[in-house]
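The values are calculated or read from the model by the stated rules, or taken from the named source; none is laboratory data. Just so it is clear, the model here is predicted, and its values are computed rather than measured. Don't worry about glycine lacking a Cβ; one is built from the backbone with ideal geometry, like all the others, and counts go over all protein chains shown. The area values use the complete protein model at the heavy-atom level, side chains included, leaving out ligands, DNA and RNA. Shrake-Rupley method; radii C 1.70, N 1.55, O 1.52, S 1.80 Å.
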Amino acid sequence: MSDLILNPNINGVDDFYAELVATHEGLSDEESQALNARLLLVMANHIGDRAILSQALSAAALKSKE
Amino acid sequence: MFDDRYTLAYKRYPYKKSPDQDASAPVRHPVVVMGGGPIGIATALDLGLQGIPTLVLDDHEGVGMGSRAICFAKRCLEVADRYGCGEPMLEKGVVWNVGKVFHKDDKVFEFNLLPEEGHKYPAFINLQQPYYESYQLDRFEELQAQGAPIEIRGKNRIDNVEVHDDHVVLTVMTPDGEYTIEAEWLIGCDGASSPLREMLGYDFSGKVFQDSFLIADIKMKGDVDFPTERWFWFEPSHGEGASVLLHRQPDDVWRVDFQIGWDVDRKEELKEENIRRRLDAFLGGVEYDMVWSSIYTFQCKRMESFRHGRVFFAGDAAHQVSPFGARGANSGMQDVDNLGWKLGLVMAGKAPDALLDSYNFERIHGADENILNSTRSTDFITPKSAMSTLLRDSVLALSEHYEFARPMVNSGRLSVPCTYDGSPLNSADALDGPERTRPGSPCPDVPLGDEFLLSKLGNDFILLTIDTDAPESFEEDGITVKRLALSANNDPTNLLKERYLGEAESAVYLIRPDQHVAARRPSFDETQLRAAVRRATGKEQ
C-alpha cells in the first residue's frame, strides 16, 4: 500500500499556486468556498485510493501520524 | 375502552369470542405474536408453514388505511415468495428503474438502476402497504384452510405481560373484557411505538434524528402521462422543505413525500387546502384527487437486544430507521426470515437455545447497517452544519457536469439484503468463489430453465452441489440436509457459474432454511460439512 506523498511533488509549484489564487479572483467569499469544496471533491475522486484519502484528511487536520 | 388508533382499509379478522376467554385456567399457546401488521403476519406464515401453532393478537380487526410503506425490495419479495405470497405482490406492484435528481428547480442528472438479469423478483416494486398486507392475509387464510395451526384474533389487545423463565403470561383485553393466556414464546411485532417494549421497560435508543414527512397520495385526473420514475428534489424552492420525493404506485396513484422538519403544526399542515397549496406549487396545473395524507415522523433507534429470554422483538418494534432507502418493512421481513427457522428447530428440540441468540447477533448487524445507511442519507439530505451543506451542494453541482460525483449523491441507498459477516453460524470460507455468495450471504437467484433457484432453496437445510458428487441427503444430530445437484454445463445464462462458482471448478454450498449461505467448499467433505451443520444450528463454535 502506498503512502500519502508529503514531500514536494508538483513541478512548477509557483505556477500552480498562482493559478490556484487566480481561479479565486473576483469571487465572493461564498463562491470561493464553493469552488474550494468542488476542487476538493474533484481531486479526491482523482486520487480514489481510500487509504490515501484517509491519510490526506488526517494530514490536513494537522494530526501527526503516531 | 377500545378505540381504534387508525382507520381500517380492509376489515379482515373481526372480533370473535374465543373459547380461551371462558377457560377455567389460562390456555397455554406455543407461540403468541403481538401485532397483526406485515411483520406479525409474516411471522405466522413462517411458523405456520413449519406446522408450529401460532396465535396472532392484534388490537385492530384488519389492515390499516394509507399507503405507508410503498417500496418493497427484492429480498423482502423473495421472503414473501418462500411464504407463498410473493407473486400477487409482483403482479400488482409497479416496477421502476429510472430516477431523476433535482436540486432546487434544476434537474442535475438521471440514472437507470439497470437491473441485474436472472432474478425472479426485481430490485424493487412500489406497492401500497394495504395491498402487501392483504396478500399476506390471503395466504394466511389459505394456509389455515389447508390445516396450518395459525390463528389471528382481532380486537385482542395485550395489556399486561408477565415474563417467566419458560413462558409468559398475557392479559388480553377484548370487547368482552379481559382474559389471560400463556405463551411459551412471545414475539413482539407491534410497531415503532411497541407497547410490549414499553410494558417490559426495555430501552430504545441510538443516534436520535427527528424529522417529519407530509405524505400525500394523489390520483391524477385526465390524461396526465407522468412517467414511472423516482423523482427526488433536494431543497425544492416550490415545496418548502428539505426534500420532496415523487413515486408511482399501482392504481395510478402517486406518492408525494414532503420532508417538512420536526417542529410542525400537524393539524395545520394536514388541512387539505395546505396540502393542496404545496402540491399545486409542486405539480403546476395538474388536476388530481387526494387519496390519503398523513404526517409521518421517525427516529433512528434500535433496542439494545432483540431477544429477552422467551420474548423476541422484530420489525419496527426492534429498530426504526428513516424512510430513505426503504429499510423499514424490508428489514422487518428479514428479521422474520431469520427468526422463524431458528425458533422452529429449538422448539422441536433439534437445536439448543443458543441458536436463538444468533437471531440477536445477525439482526442487530442488519439493523446497524440499516441505521448507518439511513443516517448517512439523512445527513446528506439535511446537512447538519454550514460546511456539510457546502459539501453537499458542491456534490450536487458537480453531479450535473461530471459522472464521478453522481454516486456521492445520497437520496437514500436502496435496501440490499444483509450479509451476516462474522456470524457465529458461519463456517470459514473454503471456496475461491464469488464474494457475493460468501458464508453469511443471502443466496442470489439464478434462472433454472422455467424456474428459479430460490424456489428450490429454503425451509430446510440444503446442500447445493455444482459439478461435484455428494450423498443425496444426510442427517446430523436431528438436522436433515437434502442435496440439490446442479451443473454449470447446463447453465445457458452462465449465471450459476458467475454467482456461485467464479473461478472455482466445482462447489458445495450448505444453505440455511432462510436461504443464507452457512458454508461452502470445492467438494463434499463429510467431516467438515457435519461440523458446518452443527455450527449453523448453534451446536458448535
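Only loop residues by DSSP count here, and only those with at most 12 other Cβ atoms within 10 Å; note down the GluC sites (Glu not before Pro) in the range B:205-312 that meet that.
Answer in residue order: B:GLU287, B:GLU304.
Tell me the carbon and sulfur percent of the accessible area for the range B:1-113, rounded to whole percent, probe radius 1.4 Å.
Here it works out to 51 percent.
Please list, by residue number, every one of the GluC sites (Glu not before Pro) in the range A:9-44 that is coil in DSSP and has at most 11 other beta-carbon atoms within 10 Å.
A:GLU25
For the range B:115-263, place one equal point scatterer on every Cα, skip the solvent, and apply the Debye formula. What is log10 of I(q)/I(0) at q = 0.14, 0.15, 0.20 Å⁻¹?
After summing over all Cα pairs, the log10 values are -1.06, -1.11, -1.26.
Based on DSSP, what percent of beta bridges with both residues in the protein assembly as shown are antiparallel, to the nearest 5?
70
For a Förster distance of 45 Å, can you work out the FRET efficiency between the beta-carbons of B:THR493 and A:HIS46, rounded to the nearest 0.05? List each step's numbers first, then the result.
Numbers: r = 37 Å, r/R0 = 0.83.
For B:THR493 and A:HIS46, the calculated efficiency is 0.75.
Keeping the other protein chains in place, figure out the carbon and sulfur percent of the accessible area of the range B:435-536, with a 1.4 Å probe.
Whole-percent figure for carbon plus sulfur exposure: 41.
Taking a 1.4 Å probe, which of B:PHE72, B:PHE226 shows the most accessible area, and what order do the others take after it?
The residues order as B:PHE226, B:PHE72, largest area first.
Once A and B are treated as a pair rather than alone, how much accessible area drops out, both sides summed, in Å² to 100, probe 1.4 Å?
Buried area (both sides, nearest 100 Å²): 700 Å².
Distance cut-off 26 Å, Cα to Cα: go down the list B:LYS120/B:LYS539; B:LYS107/B:LYS271; B:LYS11/B:LYS100; B:LYS221/B:LYS271; B:LYS107/B:LYS384 and report the pairs above it.
Details: B:LYS120/B:LYS539 34 Å; B:LYS107/B:LYS271 30 Å; B:LYS11/B:LYS100 38 Å; B:LYS221/B:LYS271 21 Å; B:LYS107/B:LYS384 24 Å.
In this structure, B:LYS120/B:LYS539; B:LYS107/B:LYS271; B:LYS11/B:LYS100 lie more than 26 Å apart at Cα.
Regarding chain B, what is the average projected area of its C-alpha convex hull, in nm²?
Taking the Cα atoms of chain B, their convex hull projects to 26.3 nm² on average.
So, with a 1.4 angstrom probe, what is the percent of accessible area on the range B:217-322 that is carbon and sulfur?
About 42 percent, which is the carbon plus sulfur part of the accessible surface.
Determine the equivalent ellipsoid of the range B:321-444 by diagonalising the alpha-carbon gyration tensor, then write out the semi-axes as square roots of 5 times the eigenvalues, largest first, rounded to whole Å.
37, 17, 11
Provide the three semi-axes, in whole Å and in decreasing order, of the ellipsoid equivalent to the range B:435-536 as defined by the square roots of 5 times the Cα gyration tensor eigenvalues.
With the √(5λ) rule applied to the range B:435-536, the semi-axes are 21, 14, 13 Å.
Just which residues of the range A:17-61 lose 30 Å² or more accessible area with every protein chain there, against their chain alone, with the probe set to 1.4 Å?
In the range A:17-61, residues shielded by partner chains: A:GLN33, A:ALA37, A:ARG38, A:LEU41, A:VAL42, A:ASN45.
Can you list the residues in the range B:352-390 whose accessible area drops by at least 40 Å² when all protein chains are present, compared with the chain alone? Use a 1.4 Å probe, heavy atoms only.
Listed by number, the residues meeting the 40 Å² cut-off are B:LEU390.
With all protein chains present, calculate the accessible area of B:LEU8 using a 1.4 Å probe and round the result to the nearest 10 Å².
Accessible area of B:LEU8: about 40 Å².
So which trypsin sites (Lys or Arg not before Pro) in chain A pass both tests, a DSSP loop state and at most 11 other Cβ atoms within 10 Å of the Cβ?
A:LYS63, A:LYS65
Can you give me the accessible area per residue for the protein assembly as shown, using a 1.4 Å probe, in Å²?
45
How big is the protein assembly as shown by Rg and Dmax over its Cα atoms, in Å?
Rg, Dmax (Cα atoms, Å): 26.6, 94.
What percentages, rounded to whole numbers, describe P(r) for the range B:211-298 computed over all alpha carbon pairs with 10 Å bin width beginning at zero?
Spelled out bin by bin, the range B:211-298 gives 17, 55, 25, 2 percent.
Using all C-alpha to C-alpha distances in chain A, build P(r) with 10 Å bins and read off the rounded percent in each one.
P(r) over chain A, rounded to whole percents: 17, 41, 36, 6, 0.
Over the alpha-carbon set of the range B:164-236, divide Rg by the Kirkwood Rh and report the Rg/Rh ratio to two decimals.
In the range B:164-236, Rg relative to Rh is 1.22.
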